[in-house]
Amino acid sequence: MTRFSLNEVNHTLLKYINSWRHTRGYGVHSPLAFKIVKECVRPDSRYGFYSDAFLDFEYHEDRKSLKNARLAIRLINLLRPSRIWYPNGDKRLCTALKMSFPSIHLSTQKECPKNVNFIISSGCRDIKGMWEKMDGSDECTMLIFSKIKEEEPLGMGKTPSMILYGRNFTIMIRRVGMERICYTL
């Protein structure tokens, strides 16, 4: 039988309480992080996007991919990047992105195009290499549809200013003048 000390139990309990509060936006002190949590990760059901009906139809049997697609569209709507790179992207999500944001340039080619300021990664590929493709840009975002290790972003070229770790996603953002913050949702 394993025995736990009172400090271990208190530390674990405090960790779960803080992560629950962060998933609802409470305890998140950065205004940008709070907007991402309230409008993208846990949005009110008061509004929708034109592509929501299309996504519901396309992902009717795959709820996890539907949730990821909605997160990507809401995040892009909030941050308004000009050039998105989604290597080997899901064609259904690419169609929804083109429908929702016709003025944004979307690239699905294998090699990273120039002047990219938003990357969508489906899974843990070469995240460090993909992030370094954006080193010329001061403001950039990367949405990864998996949770990465918390030590991984520290070894990158220009490290992210803000990292949001979700259960099945990671959002890394670099902004000029933003202090380094990290939240586990």
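The set of residues in region 149-177 that are modelled with pLDDT of 80 or more and part of a loop (DSSP other than H, G, I, E, B) comprises P160, S161, G166, R167, N168, F169, R175, V176, G177. Filtered by the rule that a residue be surrounded by 16 or more Cβ atoms within 10 Å (Cβ to Cβ) and either on the phi > 0 side of the Ramachandran plot or not in a loop (DSSP other than H, G, I, E, B) (or both), region 53-66 gives F54, L55, E58, S65, L66. If you go through region 74-103 and keep only what is loosely packed, with under 14 Cβ neighbours inside 10 Å and among the charged types (D, E, K, R), you end up with R80, K91, K98. For K133, the requirement of being touching a strand residue (DSSP E or B) at 6+ places or on another chain (Cβ under 7 Å), more than 22 Å from L55 (Cβ to Cβ), modelled with pLDDT under 85 and not hydrophobic (A, V, I, L, M, F, W, C) is not met. Checked against the criterion of being of a type in the set (K, R) and either modelled with pLDDT of 85 or more or more than 28 Å from F49 (Cβ to Cβ) (or both), region 117-126 contains not a single residue that satisfies it. You will find that of L71, L78, the residue that is of a type outside the set (F, W, Y), touching a Phe, Trp or Tyr at 6+ places or on another chain (Cβ under 7 Å), at pLDDT 90 or above and closer than 19 Å to C40 by Cα is L71 and no other.
The values are calculated or read from the model by the stated rules, or taken from the named source; none is laboratory data. In this text the structure is predicted, and so the values were computed from the model without any measurement. A quick note on method: Cβ atoms are made from the backbone with ideal geometry, for glycine too, and the neighbour counts reach across all protein chains shown.
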